[in-house]
Amino acid sequence: QVHLVESGGGVVQAGGSLRLSCAVSGSSLLGNGMCWYRQAPGKQRDLVAQITISGNIYYADSVKGRFTISRDNAENTLYLQMNSLKPEDTAVYYCNLYYSGGREYWGQGTQVTVSS
């Protein structure tokens with residue numbers, strides 16, 4: 001059974017940094033795609049950053065130059081380094097793992113709150 005567990009969220013002042021982690025069990029990261037999404041209150045869940053199955057990396061325009069997605073295949077963990085945080089980055093952040101066949105799994109989310 002595949003499980004994704006996010007950690008690293010918290011409260012930070014604008015301009016600060018946080019590093020989110022997503023520990024994956026029951027599946028390898030190799031050969032699969034992984035994403036970070038976020039959902040602010042009353043809004044839809046949006047893609048923040050992605051490592052595709054082929055290894056390409058994409059970022060939402062709103063986080064380019066500030067966020068960095070990475071993964072440690074040996075530790076089976078996905079990361080999101082978030083720098084220069086803004087109040088509009090406040091959201092619940094979710095980790096997503098997806099396979100080429102379309103199956104996907106989600107973590108439970110971790111709250112990030114950026115105060116002005």
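The values are calculated or read from the model by the stated rules, or taken from the named source; none is laboratory data. Since this is a predicted model, take the numbers as computed values, not measurements. As a convention, Cβ positions derive from the backbone with ideal geometry for all residues, glycine included, and neighbour counts pool all protein chains shown. All accessible areas refer to the heavy atoms of the entire protein, side chains included, with ligands and DNA or RNA removed. Shrake-Rupley method; radii C 1.70, N 1.55, O 1.52, S 1.80 Å.
What are the ³J(HN,Hα) couplings of the stretch 6-20, residue after residue, when phi is run through the Karplus curve with 6.51, -1.76, 1.60 and θ = phi - 60°? Round to Hz, x for glycine and proline.
8, 7, x, x, x, 10, 9, 6, 3, x, x, 10, 9, 10, 8
Rolling a 1.4 Å sphere over the protein heavy atoms, what is the accessible area per residue of the chain, to the nearest Å²? The partial results should precede the final answer.
Working: 5980 Å² over 116 residues.
Heavy-atom SASA per residue in the chain reads 52 Å².
Which value, in debye to the nearest 20, describes the size of the charge dipole of the chain about its Cα centre when Lys and Arg Cβ atoms bear +1, Asp and Glu Cβ atoms bear -1, and nothing else is charged?
My answer is approximately 120 debye.
Please list, by residue number, every one of the GluC sites (Glu not before Pro) in the stretch 34-116 that is coil in DSSP and has at most 15 other beta-carbon atoms within 10 Å.
Values: sites: Glu75, Glu88, Glu104; in loops: Glu75.
Filter output for the stretch 34-116: Glu75.
At a 1.4 Å probe radius, carbon and sulfur cover how many percent of the accessible area of the chain? It would help to have the intermediate numbers written out before the result.
Working: 2790 of 5980 Å².
Result for the chain: 47 percent of the exposed heavy-atom area is carbon or sulfur.
Once the dipole of the chain is set up with Lys and Arg at +1 and Asp and Glu at -1 on Cβ about the Cα centre, which of Gln50, Val2, Pro87 lies farthest towards its positive end?
Pro87
Springs between alpha-carbon pairs under 10 angstrom, Gaussian network model over the chain: which of Asn32, Asn76, Asn56 fluctuates most?
Asn56
Calculate the length of the line joining the C-alpha centroid of the stretch 64-116 to that of the stretch 29-46, in whole Å.
If you average the Cα positions of each part, the centres end up 7 Å apart.
Taking θ as phi - 60°, what are the ³J(HN,Hα) couplings along the stretch 77-84 by the Karplus curve (6.51, -1.76, 1.60), each to the nearest whole Hz, with x for Gly and Pro?
Running phi through 6.51 cos²θ - 1.76 cosθ + 1.60 with θ = phi - 60° gives 10, 9, 10, 9, 8, 10, 10, 6 Hz.
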